[in-house]
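Q: This is the structure I have questions about; it appears just below.
Bear in mind these aren't lab numbers, they're just calculated from the coordinates by the rules spelled out. This one's a predicted model, so the numbers in the text were calculated from it and none came from an experiment. Counting neighbours? That spans all protein chains shown, and the Cβs are built from the backbone with ideal geometry, glycine included.
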Amino acid sequence: FPPERVRNFSIIAHIDHGKSTLADRLLEITGTIPTPSSAPGSSGRNQQVLDKLKVERERGITVKAQTASMLHKFGGKWYLLNLIDTPGHVDFAYEVSRSLAASQGSLLLVDASQGVQAQTVANYHLAKANNLTIIPVLNKIDLPGADPDSVEDSVRMVLEIAEDMEIPRISAKKGEGVEALLDLIIEKLPAPTSKLTSSFRSLLFDNWYDTYVGVVCLVAVIDGKVGKGDKIASAGTGLKYEVSQVGIMAPDPMPLLALHAGQVGYLILGMKSSHEARVGDTFYHHGQDVDVLPGFQPAKSMLFAGVYPVDSTEFEKLSEAINRLTLNDSSVSVARETSAALGQGFRLGFLGTLHMDVFRQRLEEEYGATAILSSPVVPYKIIRKGGSEQIINNPAAFPDHSERANVDDIQEPMVRATLIFPEEYLGEMMQLCGDHRGEQEDYTYLDDTRIIMKYRLPMGEILTDFYDELKSLSSGYATFDYDDIGYQSSDLVRMNVLLNSKPVDVLSSVLHRSQAERASKIITKRLKDVIDRQLFEVVIQAEVAGKIIARETVSALRKNVTAKCYGGDITRKMKLLEKQKEGKKKMRAIGNVKLSQEAFLSIVKK
Ligand code: GTP
């Protein structure tokens, strides 16, 4: 296939607007995968072939971008269409942008019953920034609640679509309009501007680890061709490889003799680990000169959590599991750490909370390892006197009161959030953002009934409950997406939790000063609820800036040590009581507070 007969495209959409369903239909109609036998064409059974991983199927979300090639005849000629699937969730914007870099056009799918949503807008801007040609498509027109006319109006308004541009209407589920969409992809989307005759260059845009063949690299061939047995080199690592297999995903790997300019496919190079496969890297024929492709910014970890084995003897097992999982997801950053309370563990960096949850679930499901994840924190920037900067991703390392004299400024990461919701929830949405230290930037009507609103918010404020609160306050109608907009100075403090005067490292947290008092009351109270009475008094304290700001006490159980003494000997009784007191002191001095595992976890995780 010469480049002019190739189309590389992606489907982008807000979550649940039907990407995977449309991908299935496209693959069925082109004969790439068989149509489900029960009531072909109209069964609407979702095969979701692109959502390979188990967690994806379970959660109904696409996490890892996949790709599939198909053939379609148009104007009497065959075309090769490469569909590059993209994840829909905000956490995976990074995966979206790498998929977009390998394509020239995008279908922007909008659910005709739901209308434009926050991620529709975010994905549209991402595609625009990648210079892609965009075809907006209205999906789910079979639904009784679909209102394609009004949704089309808001699509045209928000996304500034030219009046003369047709917006196709389809039902991905029923297959209606999907065949015509294939023609439209060929007509409207540009072919890759690749040069067949130049020397070989390709962009590595994804990779995964396969147990049988090792690391599989997904590449977009920009120029020239690459075949089995070729000697190629990586511009990023300088490592050299011999190509042991090339092919396309259809949607399972289909080996070919060569991949040509304009095509998207896979290379197997005998890499030892996926850490050699750097997304954004350029491959070229070894010995040739090469203009390195622009590549991508490395994935930026937006939140960090400590990870420890539930049972400390299982550290090796956890370590191995993390190692294997990160082979498949290089966007997770990994560093060793040790906690006085939990022993040896790791500090992992994630792209967002869903990314973290998915990782934990994979860890448990695919490797049977159970792990404790401490509550997530964002990376804080500490600017010290003299100007040196440091990023802190563990509250236990955040400058405490005593170190503050050496600190010039403390900054936290900020986001610009886009919220879309029905107008009746305006009050709740403003309250929610206000409660999370947000500053409104603007708001406008998206259509007759819905508002699109922008806020600046601290990243740390949207990590845990924000999304759930947003959904519950708006009866599920509000949608939300965000962009990272850099750091801003903030009055942040570290809160230490002490048990019998001994700080418990995993319970430290970083808070805005205005929240410290409330948070300290909550945590001391919760600890009091879960700590059983012991033989000695347990004092629970929360400390901020060198001051104890909350305190709870769990009173001691009084073990009746004198029960064994029968009658008379008062001095012996006294001695025993004395000893018991000492025992209490000793225990207190060591700070040996016993807490059930479950109780401890419930606190660490929050
Ligand atoms: P993510 O990959 O998680 O972002 O979701 P998605 O955009 O791939 O959505 P998916 O294809 O999983 O579809 C979401 C739901 O919408 C599924 O229950 C589909 O069956 C349903 N759906 C998709 N297209 C249509 C359609 O044309 N009509 C109707 N009625 N339902 C549809």
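Q: At q = 0.15 Å⁻¹, what log₁₀ I(q)/I(0) does region 376-481 have when each alpha carbon counts as one equal point scatterer in the Debye sum?
A: For region 376-481 at q = 0.15 Å⁻¹, log10 I(q)/I(0) is -0.69.
Q: Per residue of region 393-402, in order, report the coupling 6.51 cos²θ - 1.76 cosθ + 1.60 (Karplus, θ = phi - 60°) as ³J(HN,Hα) in whole Hz, putting x for Gly and Pro.
A: Calculated HN-Hα couplings, in order: 10, 9, x, 5, 9, 5, x, 8, 2, 5 Hz.
Q: Next question. Kindly provide the trypsin sites (Lys or Arg not before Pro) of region 364-418 that DSSP labels as loop, not H, G, I, E or B, and whose Cβ sees at most 12 other Cβ atoms within 10 Å. Working shown, then result.
A: Working: sites: K381, R384, K385, R404, R416; in loops: K385.
For trypsin sites (Lys or Arg not before Pro) across region 364-418 that sit outside H, G, I, E and B with at most 12 neighbouring Cβ atoms in 10 Å, the list reads K385.
Q: Taking amide H atoms as placed 1.01 Å from N in the peptide plane, list the residues 5 or more away in sequence, or in a different chain, whose amide H sits under 5 Å from that of I485.
A: Under 5 Å from the amide H of I485: M414, V415, R416.
Q: Hey, what do the phi angles of region 209-215 turn into as Karplus ³J(HN,Hα) couplings, whole Hz, using 6.51/-1.76/1.60 and θ = phi - 60°, x for Gly and Pro?
A: 9, 10, 4, 8, 9, x, 6
Q: Identify, among G460, L492, F536, the residue whose Cα sits farthest towards the positive end of the charge dipole of region 449-558, taking +1 on the Cβ of Lys and Arg and -1 on the Cβ of Asp and Glu, with the dipole about the Cα centre.
A: Value computed over the given set: F536.
Q: How high is the relative contact order of region 188-236? Use alpha-carbon pairs under 8 Å, at least six apart in sequence, and give a whole percent. Before the final figure, lay out each step's value.
A: Details: 56 pairs, mean separation 18.7, N = 49.
Averaging sequence separation for qualifying contacts and normalising by length gives 38 percent for region 188-236.
Q: Would you compute, for the Cα atoms of region 478-524, the largest minus smallest coordinate along each principal axis and list the three values in descending order, in whole Å?
A: Principal extents (largest minus smallest coordinate, Cα): 43, 27, 20 Å.
Q: I want to verify the translational diffusion coefficient of region 236-283 in µm²/s; compute it with Stokes-Einstein, Rh as the Kirkwood radius over Cα pairs, at 4 °C and 1.567 mPa s.
A: Numbers: Rh = 11.9 Å.
It comes out at roughly 109 µm²/s.
Q: Taking 7 Å along the Cα-to-C-beta vector as the label spot, tell me the D183-Y467 distance in nanometres, rounded to one decimal.
A: About 4.0 nm, to one decimal.
Q: Under a 5 Å amide H to amide H cut-off, with H placed in plane at 1.01 Å, what residues pair with A250 once short-range neighbours are removed?
A: Excluding prolines and chain starts, which carry no amide H, the hits are S69.
Q: Mind putting a number on the dipole of region 370-511 about its Cα centre? Charges go on the C-beta only, +1 for Lys and Arg and -1 for Asp and Glu, and I need it in Debye to the nearest 20. List each step's numbers first, then the result.
A: Details: 12 positive and 24 negative charges, 143 e Å.
Its charge dipole is roughly 680 debye.
Q: When N is the residue count of region 245-353, what does its C-alpha Rg come to as a fraction of 2.2 N^0.38 Å?
A: On the way: Rg = 18.8 Å, N = 109, 2.2 N^0.38 = 13.1 Å.
Normalised Cα radius of gyration, region 245-353: 1.44.
Q: So if the hydrodynamic radius of region 155-258 is defined as the Kirkwood radius over C-alpha pairs, what does Stokes-Einstein give as its diffusion coefficient at 4 °C and 1.567 mPa s, in µm² per second?
A: The diffusion coefficient I find is 74 µm²/s.
Q: Same structure again: If I take R0 = 35 Å and measure r between the Cβ atoms of D409 and K231 in this structure, what FRET efficiency does the formula 1/(1 + (r/R0)^6) give, to the nearest 0.05? Spell out each step's value before the answer.
A: On the way: r = 51 Å, r/R0 = 1.47.
Here the calculated transfer efficiency is 0.10.
Q: Amide H to amide H, which residues 5 or more places from S113 or on other chains are under 5 Å from it, using H placed in the peptide plane?
A: Close amide H contacts, sequence-distant or interchain: D147.
Q: Before anything else, pin down the relative contact order of region 447-564: Cα pairs under 8 Å, at least 6 apart, normalised by residue count, whole percent.
A: Here the relative contact order equals 19 percent.
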